[in-house]
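Below is one structure; the comments refer to it alone.
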Amino acid sequence: MSVIYFDDLHVGQQFVSGTHEMTETEIIRFASEYDPQPFHTHPDDARHSLFHGLVASGWHTGAVTMRLLVEGPMKLAGGMIGAGGELTWPNPVRPGDTLRVYSEVASMRTSKSRPDLGIVAVRSETRNQDGVAVQVLVANLFVPRRSGSDAGR
């Protein structure tokens, strides 16, 4: 896979990641270290929670999403360097869910202060095996332009 520069992208361009299965062991391990709430760490307690069962931390879903993005087909020159965005978790992730990320270039513009960079808004929807959205991320990313490029977007 070749590296993708700002000049290689266009609004509406789509990318689909590989998959990752969320196991109960992984959910509990992550949450025990980073988000130790009972509905993430104790299956019995989780049954009596708002979720009626064990669910992954949203931060765990975010970390898995990031890995799927980095390992996926959107190989941005310089890496995925964020410049802010918006993150929502519309549905919980449960043990046994298999996640995949669907991304689309939403908008593009050249940086005013750094014309060697573009700013690309990418909307990434992480879905489970049933196609249900479990995370929506709209990230503004700094993407280098090809040197000598005069393509003003």
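D for the chain, whole µm²/s, Stokes-Einstein with Kirkwood Rh over alpha-carbon pairs at 4 °C and 1.567 mPa s: what number? Walk me through the numbers before you get to the answer.
On the way: Rh = 16.6 Å.
Rounded, D is 78 µm²/s.
Ignoring ligands, DNA and RNA, please state the percent of accessible area on the chain from carbon and sulfur, probe 1.4 Å. List each step's numbers first, then the result.
Numbers: 4390 of 8360 Å².
Looking at the chain in its full context, I get 52 percent from C and S.
Ranked from the most accessible area to the least, with a 1.4 Å probe and all protein chains present, what is the order of His20, His48, His10, His60? Working shown, then result.
Numbers: His20 60, His48 160, His10 100, His60 5 Å².
Output order, biggest surface exposure first: His48, His10, His20, His60.
Rank Ile119, Ile28, Ile81 by mean-square fluctuation in a GNM of the chain with C-alpha springs under 10 angstrom and give only the top-ranked residue.
Ile81
For the residue pair Gln129 and Met66, what label-to-label distance in nm results when each label sits 7 Å from Cα along the Cα-to-beta-carbon direction?
Each label point lies 7 Å from its Cα, and together they span 2.7 nm.
Work from the charge dipole of segment 14-109 (Cβ charges, +1 for Lys and Arg, -1 for Asp and Glu, about the Cα centre) and give the residue of Trp89, His52, Met108 farthest towards its positive end.
Checked the options; the winner is Met108.
Which value, in debye to the nearest 20, describes the size of the charge dipole of segment 1-149 about its Cα centre when Lys and Arg Cβ atoms bear +1, Asp and Glu Cβ atoms bear -1, and nothing else is charged?
Values: 13 positive and 16 negative charges, 136 e Å.
Rounded to the nearest 20 debye, it is 660 debye.
With a probe of 1.4 Å, find how much accessible area the chain has per residue, and write the answer as a whole number in Å².
Values: 8360 Å² over 153 residues.
Roughly 55 Å² per residue, with all protein chains present.
By how many degrees, between 0 and 90 and to the nearest 10, does the Cα long axis of helix 24-34 differ from the longest principal axis of the chain?
70
The values are calculated or read from the model by the stated rules, or taken from the named source; none is laboratory data. Remember, it's a predicted structure, so these values are computed and weren't measured experimentally. All Cβ positions, glycine included, derive from the backbone under ideal geometry; neighbour counts span all protein chains shown. Accessible surface areas use protein heavy atoms only, side chains included; no ligands, DNA or RNA. Shrake-Rupley method; radii C 1.70, N 1.55, O 1.52, S 1.80 Å.
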